[in-house]
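Inspection log for the structure reproduced underneath, given as structure tokens.
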Amino acid sequence: MKSSAILLSGALALLSSSAFADLKSDWQKMLDKYVKLNLARDVKGLDTFILDHFASDFKFTGKSGKSLNRQQWIDQTHDEMKMTGQVTKVVFHIDSVKMMGKDKALCKTSIVFEGTVQMDPKAKPATMKATSKADQIMVKKAGKWWIQSMTNTEEGMTINGKPFKG
């Protein structure tokens with residue numbers, strides 16, 4: 001199971017207009033909404049969030065190099081929600097924001113997801129912890145900020161406290 005879709009998805013904060021000094025704060029507030037949707041296991045809310053904040057040409061790239069477009073990201077989120085039992089902790093933190101011109105920014109993020117997962121229908125649920133660091137490129141189109149891409153730079157997962165490579 002890829003941690004990135006659950007986590008990001010993962011993704012992520014964009015507001016229509018903000019001064020540079022407020023971008024990090026505004027985007028963090030938006031990510032906090034994403035965290036609440038994850039904790040509530042609100043699949044419809046997550047779908048709406050993704051459609052409202054991920055550009056139509058969004059591209060996610062995992063550490064392995066595998067890429068997903070926006071619809072594939074939504075589909076993977078659905079699949080992972082089905083496998084996930086209780087969600088006990090979600091943290092999505094913007095570590096830094098660097099402007100790359102007036103309509104483009106790089107957000108470096110840290111993500112933690114903890115919960116239970118049913119790896120085998122005959123076994124007890126396992127505890128899972130997934131962590132990642134990601135670079136998100138944000139672009140401003142028609143006055144609105146969008147997440148254009150997300151690239152995981154670090155990924156880790158444990159199942160019942162033991163490293164898991166998925």
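The values are calculated or read from the model by the stated rules, or taken from the named source; none is laboratory data. Computed from a predicted structure; not experimentally measured. Counting neighbours? That spans all protein chains shown, and the Cβs are built from the backbone with ideal geometry, glycine included.
Observations, loosely collected:
- Being acidic (D, E), under 20 Å from G62 (Cα atoms) and surrounded by fewer than 20 Cβ atoms within 10 Å (Cβ to Cβ) is a condition met by no residue of region 115-134.
- Here T88 fulfils each of the conditions (1) under 13 Å from the mean Cα position of the chain (by Cα); (2) closer than 19 Å to D32 by Cβ apart from (1).
- D26 farther than 20 Å from S110 by Cα, part of a helix (DSSP H, G or I) and at pLDDT below 95: no
- Taking the criterion of being modelled with pLDDT under 95 and hydroxyl-bearing (S, T, Y), the only residue of region 56-75 that qualifies is S64.
- Long-range neighbours under 7 Å by Cβ, at least six apart or interchain, first residue of a type in the set (G, A, S) within region 50-77, second not in a strand (DSSP E or B): S56/R70; G62/K2; G62/S4
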